[in-house]
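Asks: Submitted below is the structure of interest, expressed as structure tokens.
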Amino acid sequence: MSRPTHGTLHHVELWVPNLHRALASFGWLFQTLGYAVYQSWDNGRSWRLGPTYLVIEQSPALSAERHHRCRPGLNHLAFHVENAIMVEKLAADAAEHGWQLMFPDQHPYAGGGQHYAAYLENDDGFEVELVAINPPERN
């Protein structure tokens, strides 16, 4: 790994109510996006891509049973995805891993006419956005 650029994200840690469910949803997504398992312990796991790593942990200090993206705190994580074909493949495959497509009536332009993305929510209320790096031209 090369030296990180000043200001880049070091890591994100998500506290989850159920590690098994989180491994099924986030673990699948992170690895599909190219992250490799970095660390593993009884209550959590992390994945690394470049200088950044992502952590999920079932902490005994949790204060709620479900994440809610509209409360103060994290709303969602957004990831670059190579193109629209991959966005659609990930969105379709995600249902087998605990994710549901949000805003299906506006998909794939729920974020605006020039923003090709899939918005997914898992069973614990966490949202991810998969954004096409190279979106198709919109007619």
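Asks: Can you tell me which residue is most open to solvent (accessible area, probe 1.4 Å) among those in the stretch 34-69 that are closer than 12 Å to residue 18 by Cα and assigned to a strand (DSSP E or B)?
Replies: Here the residue is 57.
Asks: Within the stretch 1-17, work out how many residues are surrounded by 14 or more Cβ atoms within 10 Å (Cβ to Cβ) and out of contact with any His (no Cβ under 9 Å at 6 or more places or on another chain).
Replies: Residues flagged as surrounded by 14 or more Cβ atoms within 10 Å (Cβ to Cβ) and out of contact with any His (no Cβ under 9 Å at 6 or more places or on another chain) within the stretch 1-17 amount to 0.
Asks: If the Cβ limit is 6 Å and pairs must be 6+ apart or interchain, which residue in the stretch 1-30 that is closer than 21 Å to residue 124 by Cα pairs with which residue that is assigned to a helix (DSSP H, G or I) and open to solvent by less than 20 Å² (accessible area, probe 1.4 Å)?
Replies: Within 6 Å, the pairs are 16/22.
Asks: Residue check, residue 109 against (1) open to solvent by 80 Å² or more (accessible area, probe 1.4 Å); (2) over 12 Å from the mean Cα position of the chain (by Cα), all met but one. Which one?
Replies: (1)
Asks: Among the numbered criteria (1) without any contact (Cβ under 8 Å) to a residue 60 or more places away in the chain; (2) within 20 Å of residue 118 (Cβ to Cβ), which one does residue 63 miss?
Replies: Checking residue 63 against (1) without any contact (Cβ under 8 Å) to a residue 60 or more places away in the chain; (2) within 20 Å of residue 118 (Cβ to Cβ), the one that fails is (2).
Asks: Within the stretch 50-71, identify whether any single residue is within 22 Å of residue 135 (Cβ to Cβ), modelled with pLDDT of 95 or more and touching a helix residue (DSSP H, G or I) at 6+ places or on another chain (Cβ under 6 Å), and answer yes or no.
Replies: Within the stretch 50-71, the subset within 22 Å of residue 135 (Cβ to Cβ) is none.
Scanning the stretch 50-71, I find no residue that is within 22 Å of residue 135 (Cβ to Cβ), modelled with pLDDT of 95 or more and touching a helix residue (DSSP H, G or I) at 6+ places or on another chain (Cβ under 6 Å), so the answer is no.
Asks: Determine which member of the set 137, 96 is open to solvent by 20 Å² or more (accessible area, probe 1.4 Å) and farther than 30 Å from residue 40 by Cβ.
Replies: Answer to the check: 137.
Asks: Looking at 88, 121, 129, which is the one that is in contact with a His (Cβ under 6 Å, 6 or more places away or on another chain) and surrounded by 12 or more Cβ atoms within 10 Å (Cβ to Cβ)?
Replies: When all the criteria are applied, what remains is 129.
Asks: List the number of the failed condition for residue 30; all other conditions in (1) in a strand (DSSP E or B); (2) open to solvent by less than 40 Å² (accessible area, probe 1.4 Å); (3) under 24 Å from residue 6 (Cα atoms) hold.
Replies: Answer for residue 30: the failing condition is (1).
Asks: Can you pull out every residue in the stretch 70-114 that is touching a strand residue (DSSP E or B) at 6+ places or on another chain (Cβ under 7 Å), assigned to a loop (DSSP other than H, G, I, E, B) and free of Cβ contacts under 8 Å to residues at least 40 places away in the same chain?
Replies: Listed by number, the residues that qualify are 102, 103, 107, 108, 110, 111.
The values are calculated or read from the model by the stated rules, or taken from the named source; none is laboratory data. What you are looking at is a predicted structure, and each value in this text was computed from that prediction instead of being measured. Because the Cβ atoms are built from the backbone with ideal geometry, glycine has one as well, and the counts that use them run over all protein chains shown. In case anyone asks, the SASA skips ligands and DNA or RNA and just uses the protein heavy atoms, side chains included. Shrake-Rupley method; radii C 1.70, N 1.55, O 1.52, S 1.80 Å.
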